[in-house]
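Enquirer: I'd like to ask some things about the structure below.
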Amino acid sequence: MKNLSSSRLLLFAGLLLFVSACQLSSSGFGTEPRAAVETGSVKVITSGGFAAAYDLLRPQFETRTGIRLETAYGSSSGGAPDSIPSRLARGEAVDVIILSQSSLNNLTKLGEVVPDSRVDLVHSMIGMAVKSGAEQPDISTKEAFIETLLEAESIGYSASASGTYLSTVLFPQLGIWERIEGKSKRVLSERVASVVARGEVEVGFQQISEILPIEGADYVGPIPDEVQKVTTFSAGVTRRALNKEDARRLIAYLSSREVAETIASTGLTPVAGEKP
């Protein structure tokens with residue numbers, strides 16, 4: 001009789017523990033966030049232009065939603081093995097890509113991006129960097145900018161959107177490309193400001209948001225308005241995405257007014273903050 005009572009007590013205690021566990025789980029206070037159980041992960045590749053803003057917003061999104069972001073970085077274009085177009089051409093399974101609008105347009109035409117998923121996120125300007133502590137040249141006017149380019153011992157530019165514009169459009173239009181091409185370096189798979197910081201080039205040009213985070217390099221300022229090119233960076237869901245629903249949730253978050261101030265702190269102009 002005593003053993004039977006003990007067995008009943010143990011059974012009752014077990015039932016209580018089971019019920020308690022179920023209540024914790026259903027209320028969302030279990031050991032693992034409910035959102036993390038119900039959702040999966042999102043694979044993201046972002047180009048450098050939006051990388052600083054993305055790195056700030058990523059933990060906030062993960063904490064809020066329980067969705068884990070698996071992140072890689074690559075240029076919008078340029079043909080490097082780690083560029084976004086090259087990765088997609090190899091068949092990499094990616095959910096969200098963030099890159100220049102023009103490159104996103106090309107990938108959409110190739111059938112790599114779901115057309116109705118595309119959202120513009122930010123506008124970005126080109127800036128100049130020098131090694132920390134070095135004298136900062138004058139680039140406040142078109143004439144001063146040209147003089148700085150001619151006098152510089154070496155020049156670095158990116159293999160992505162800004163560098164393509166500088167080397168194939170602006171420098172030839174200014175009539176100086178033949179004079180500076182020999183001392184100019186196209187930088188692949190890393191920030192131009194990192195090359196400047198190591199002293200491998202005297203001056204470097206890239207999106208401002210890609211210059212600001214680099215230690216050892218000083219941001220001089222934007223190139224003059226009359227020769228400036230504003231690049232729009234956009235996001236889209238890829239055709240091969242395995243988690244399209246959460247991919248769209250991420251894009252909606254990155255393009256919301258809620259995060260506009262954080263994005264602006266990285267040197268970008270959020271589209272969400274623009275007046276209608």
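Residue-by-condition table, conditions (1) touching a Cys at 6+ places or on another chain (Cβ under 7 Å); (2) small (Gly, Ala, Ser); (3) over 19 Å from ARG191 (Cα atoms):
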site	(1), (2), (3)
SER102	no, yes, yes
LEU110	no, no, yes
HIS123	no, no, no
PHE145	no, no, yes
GLU151	no, no, yes
SER162	no, yes, no
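Enquirer: Condition test on VAL237, is it in contact with a His (Cβ under 8 Å, 6 or more places away or on another chain) and within 30 Å of ASP116 (Cβ to Cβ)? Steps first, please.
Expert: Numbers: in contact with a His (Cβ under 8 Å, 6 or more places away or on another chain): no; within 30 Å of ASP116 (Cβ to Cβ): yes.
So VAL237 does not fit the description; no.
Enquirer: Hand me the list of helices (runs of 4 or more DSSP H) wholly inside segment 41-153 holding 2 or more residues that are outside the structural domain of SER256 (by TED's automatic domain parsing) and among the polar types (S, T, N, Q). Break it down stepwise before answering.
Expert: Details: elements: 48-65, 84-89, 101-109, 142-151.
Ranges flagged: none.
Enquirer: Hey, which of the helices (runs of 4 or more DSSP H) in segment 166-276, taking only ones fully inside, have at least 3 residues that are touching a strand residue (DSSP E or B) at 6+ places or on another chain (Cβ under 8 Å) and within 15 Å of ILE126 (Cα to Cα)? Before you say what the answer is, go through the steps one by one.
Expert: Values: elements: 177-180, 192-197, 208-211, 244-254, 260-264.
Helices (runs of 4 or more DSSP H) meeting the threshold: 208-211.
Enquirer: Regarding segment 131-143, can at least one residue be identified that is within 19 Å of the chain's Cα centre (by Cα), of a type in the set (Val, Ile, Thr) and surrounded by 15 or more Cβ atoms within 10 Å (Cβ to Cβ)? So that I can check it myself, show each step before the final result.
Expert: Taking segment 131-143 and keeping what is within 19 Å of the chain's Cα centre (by Cα), we get none.
No - not one qualifying residue is present in segment 131-143.
Enquirer: Further question on the same structure: With respect to the numbered conditions (1) of a type in the set (Gly, Ala, Ser); (2) free of Cβ contacts under 8 Å to residues at least 24 places away in the same chain; (3) outside the structural domain of ARG118 (by TED's automatic domain parsing), which one is the sole condition not fulfilled by GLY221?
Expert: Just one mismatch for GLY221, condition (2).
Enquirer: Right, next: State which residue is modelled with the highest pLDDT when the search covers only segment 154-165 and only residues that are part of a loop (DSSP other than H, G, I, E, B) and polar (S, T, N, Q).
Expert: Pass one, segment 154-165, residues part of a loop (DSSP other than H, G, I, E, B): 154, 159-160.
Now drop any that are not polar (S, T, N, Q), which leaves 154, 160.
Working: SER154: 98, SER160: 85.
Looking at the filtered set, the residue picked out is SER154.
This table checks each residue for (1) modelled with pLDDT of 95 or more; (2) under 18 Å from ARG239 (Cβ atoms); (3) surrounded by 15 or more Cβ atoms within 10 Å (Cβ to Cβ); (4) not aromatic (Phe, Trp, Tyr).
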residue	(1), (2), (3), (4)
LYS43	yes, yes, yes, yes
ASP55	yes, no, no, yes
PRO59	yes, no, no, yes
GLU62	yes, no, yes, yes
GLY79	no, no, no, yes
ASP116	yes, yes, no, yes
HIS123	yes, no, yes, yes
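Enquirer: Can you tell which of ALA217, ALA193 is of a type outside the set (Val, Ile, Thr), over 20 Å from GLY78 (Cβ atoms) and surrounded by 23 or more Cβ atoms within 10 Å (Cβ to Cβ)? Working first, answer last.
Expert: Details: ALA193 fails: over 20 Å from GLY78 (Cβ atoms).
Unique residue meeting the criteria: ALA217.
Enquirer: Going residue by residue through segment 262-274, is there one that turns out to be over 28 Å from GLY163 (Cβ atoms) and outside the structural domain of SER167 (by TED's automatic domain parsing)?
Expert: In the first step, residues of segment 262-274 are kept if they are over 28 Å from GLY163 (Cβ atoms); the result is none.
Looking for residues that are over 28 Å from GLY163 (Cβ atoms) and outside the structural domain of SER167 (by TED's automatic domain parsing), one finds none in segment 262-274, hence no.
The values are calculated or read from the model by the stated rules, or taken from the named source; none is laboratory data. As the structure is a prediction and not an experimental result, all values here were calculated from the model. Cβ: placed from backbone, ideal geometry, glycine included. Neighbour counts: every protein chain shown.
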